[in-house]
Amino acid sequence: MRINTGGWRRFYRLKTWLKLFHPTSIFNQFTKIRNKLFSLTFLLMAVFGVLGLFIFYLLSEIYENKIYEEAAGNLHLASNVLDNELKNMEDYSFQIVTNPTIQLYMEQLNAGSNGYNSYRIRMELLNRLNLYVNQQSYISSMITVDGNGNIINAGFSPDIDLNMEKLTERIQEAGGGHVWKGFPEEEVLVSAREIRKKENLSLDHLGYMITMIDLEAMINRTLNITSDKSFVIANENNILHSDTFEADAIDTFLDVSGTENYAVTDVGEDEFFVTHETSRYYDLTYYNTLPFEDVDSQKSLIYQLMAGYMVLVAVIAIFISRQSAKAISRPIEELTRRMKKVQQGEFDQVENEEPAYLRDEIGDLQRNFHIMLNKINDLIKENYTKQLVIKETEYKALQSQINPHFLYNTLDSIHWMAKMRQETQISSMAEALGNMMRNIISKKKPLIQVDEELEIVENYITIQKFRYGERLQFSLDQEPGTGDLNIPKLTIQPIVENAIQHALEEMMEPCTIRVGIVRQEEALAVIVRDSGPGIDEQKIRQIHEGVVKPKGSGIGLYNINERIHLMFGEDGGVTIENAEEGGTVITITLPYMRGEQDV
């Protein structure tokens, strides 16, 4: 098998050239960042400049086509308007020649009446024709020719040679129907047709009806043609109307009809943009002309302005990109120099004042670098002192540490000594305090069982009953199956303590405190009620806002609520409200948890 090594070599050379012109290869040729930034900015300007010129060229072509389409659309609209007007004139002449009165007059004139009667009929016919002429503003005159060759002319007839012999021949060739004939020099369009008797559909020849139309007046009345445009009407290579050009100067228009709908053609020494449209009803062609210089001059001016703009933008871009590259690279170079010093172990090189150019992201980088140096220096200076502080703290902690078992044993000794001396109250208080402290200190986890929390509450109530006696009435209502549910440690006891401080101590008569443990769907509710004086709404808001501080060293309701939110989010919390029968109701809502669950 033969391998084409020449093809592989050409492919390898092409790949090598592409790598050379890759942006990464070009930027790697520069060793300084300012040159890279300058080349990048200049390259982007060049790319966007070429792209802008290309887009501008496309837009200019679209603009030129839009002008062509607009001119063709305007001509199409104008041709439809003129076609409709000419069709109306044709229908108008047909209505006249089929009018019974006109038919009667023409029959009487053809019958050869006596002199006076013939004169009277001619006058009546003339008056009626004048009425028809006055109804249309651009009809200059109407002419009837009876069967005897007599002519009646109503209106103002231009001085033109109708050549009735050829005109009647054309009418006969059209089967007596309607024909058009133009007189371009006089701007007159002639409508001619045969008058035939319609009674009993005999279609006998009665004469001819000729209507002369002021073409210029009709165009000015029906079309809105601006001064920079020209409108031309041609019929069978004959110019019927031209508002600007001479008839012999626009023969080139006639060659456009067979090509596209628009073209650029020479008329004399100038170029014109010409669009044409063929009449829907008649053998007429309409032309709309626009000096091509008006279109081309706008494009040339825009091209020149764009070229000048690109040159100006290139000069400004080179200057700005060079200055910007210097402004960006200078602080980076300074920062690099400082980093090299840090690499050599020089950490104390921070100025007292920041340079003036530190106002951007690079300035933030330098500022952060200075902060880092300060932090490093602080860490170096603090490291030894910190180690000494740690050792001294450990030594003091050892000195101040008290063995909990020593405290429990002491309280147990007080309990038994009081019991031996028959001091039952002291014995019970010492026992309750010991049990309470043992439950609080020995439980290391943040969550304990409900039964363990209630044991702390019962020991606390035992101690407080020795103080308040019969004034303190306490009851517990626990729903079965809730004892092994988890609850944050020291949740219920602070609420009971709060009820003693703000309810019992504020009244002289006995105060009842009730604790209820119930399940509510997927939650556990702890309800603490007291029969105290209650609490006003403003103070409730202050408690939720953390404004009211707990008495002594106790844990306030706000702190309990915040602790529950930190542990469980919005699934738990504390609500405070006044009971209808008096007193305050505090409800603690917690997620339903059982077993070994840590938070």
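Details
- Among residues of segment 154-178 that are assigned by the TED database to the domain that holds Ser93, those with a beta-carbon under 7 Å from a residue that is assigned to a helix (DSSP H, G or I) and β-branched (Val, Ile, Thr) at least six positions away or on a different chain give the pairs Ala154/Val133; Gly155/Val133.
- Top-ranked residue of segment 72-117 - restricted to ones that are under 60 Å from the mean Cα position of the chain (by Cα) and among the hydroxyl-bearing types (Ser, Thr, Tyr), ranked as modelled with the highest pLDDT: Tyr92
- Listed conditions (1) at pLDDT below 85; (2) touching a Pro at 6+ places or on another chain (Cβ under 8 Å) are all met by Ser140, apart from (1).
- Within segment 502-528, residues that are open to solvent by less than 10 Å² (accessible area, probe 1.4 Å) sit with their Cβ atoms under 7 Å from residues that are modelled with pLDDT of 90 or more and charged (D, E, K, R), at 6+ positions apart or across chains, in these pairs: Ala503/Asp530; Cys511/Asp530; Ile513/Asp530.
- When segment 149-162 is filtered for residues that are open to solvent by 90 Å² or more (accessible area, probe 1.4 Å) and under 24 Å from Glu107 (Cβ atoms), only Ile151 remains.
- Counted residues, segment 521-543 - those being out of contact with any Lys or Arg (no Cβ under 7 Å at 6 or more places or on another chain), charged (D, E, K, R) and closer than 17 Å to Ile500 by Cα: 1
- For segment 315-329, the candidate set comprises residues that are at pLDDT 75 or above and not aromatic (Phe, Trp, Tyr); within that set, the residue that is surrounded by the most Cβ atoms within 10 Å (Cβ to Cβ) is Ile318.
- Segment 410-429, subset modelled with pLDDT under 70 and within 27 Å of Thr491 (Cα to Cα), residue most open to solvent (accessible area, probe 1.4 Å): Asp412
Okay, residues lined up against (1) among the aromatic types (Phe, Trp, Tyr); (2) under 21 Å from Asp451 (Cβ atoms); (3) not in a strand (DSSP E or B):
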{"site": "Asp477", "(1), (2), (3)": "no, yes, no"}
{"site": "Ile487", "(1), (2), (3)": "no, yes, no"}
{"site": "Leu490", "(1), (2), (3)": "no, yes, yes"}
{"site": "Glu497", "(1), (2), (3)": "no, yes, yes"}
{"site": "Ile500", "(1), (2), (3)": "no, no, yes"}
{"site": "Arg519", "(1), (2), (3)": "no, yes, no"}
{"site": "Val528", "(1), (2), (3)": "no, yes, no"}
{"site": "Gln542", "(1), (2), (3)": "no, no, yes"}
{"site": "Val547", "(1), (2), (3)": "no, no, yes"}
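- Residue within segment 563-570 that is open to solvent by 70 Å² or more (accessible area, probe 1.4 Å), under 18 Å from Ile448 (Cα atoms) and of a type outside the set (Lys, Arg) present: yes
- Test: residue in segment 124-136 that is of a type in the set (Val, Ile, Thr) and over 56 Å from the mean Cα position of the chain (by Cα): yes
- Segment 72-91 residues that are within 20 Å of Leu189 (Cα to Cα), paired with ones that are in a helix (DSSP H, G or I) and aliphatic (A, V, I, L, M) (beta carbon under 9 Å, 6 or more apart): Ala78/Ile219; Leu82/Met218; Leu82/Ile219; Glu85/Met218; Leu86/Met218; Met89/Met218
- For segment 54-71, a residue qualifies if it is open to solvent by 80 Å² or more (accessible area, probe 1.4 Å) and either closer than 22 Å to Phe231 by Cβ or touching a residue at least 12 places away in the same chain (Cβ under 8 Å) (or both), and the qualifying residues are Tyr63, Lys66, Glu69, Glu70.
- Subset of segment 171-199 (residues that are over 60 Å from the mean Cα position of the chain (by Cα), on the phi > 0 side of the Ramachandran plot and open to solvent by 20 Å² or more (accessible area, probe 1.4 Å)): Gly175
- Restricting attention to segment 207-223, the residues that are crowded, with 22+ Cβ neighbours inside 10 Å and free of Cβ contacts under 8 Å to residues at least 12 places away in the same chain add up to 0.
The values are calculated or read from the model by the stated rules, or taken from the named source; none is laboratory data. Keep in mind that this is a model prediction, so the values were computed, not measured. Quick reminder, even Gly has a Cβ in these numbers, built from the backbone with ideal geometry, and neighbours come from all protein chains shown. Only protein heavy atoms, including side chains, enter the accessible area calculation; ligands, DNA and RNA are left aside. Shrake-Rupley method; radii C 1.70, N 1.55, O 1.52, S 1.80 Å.
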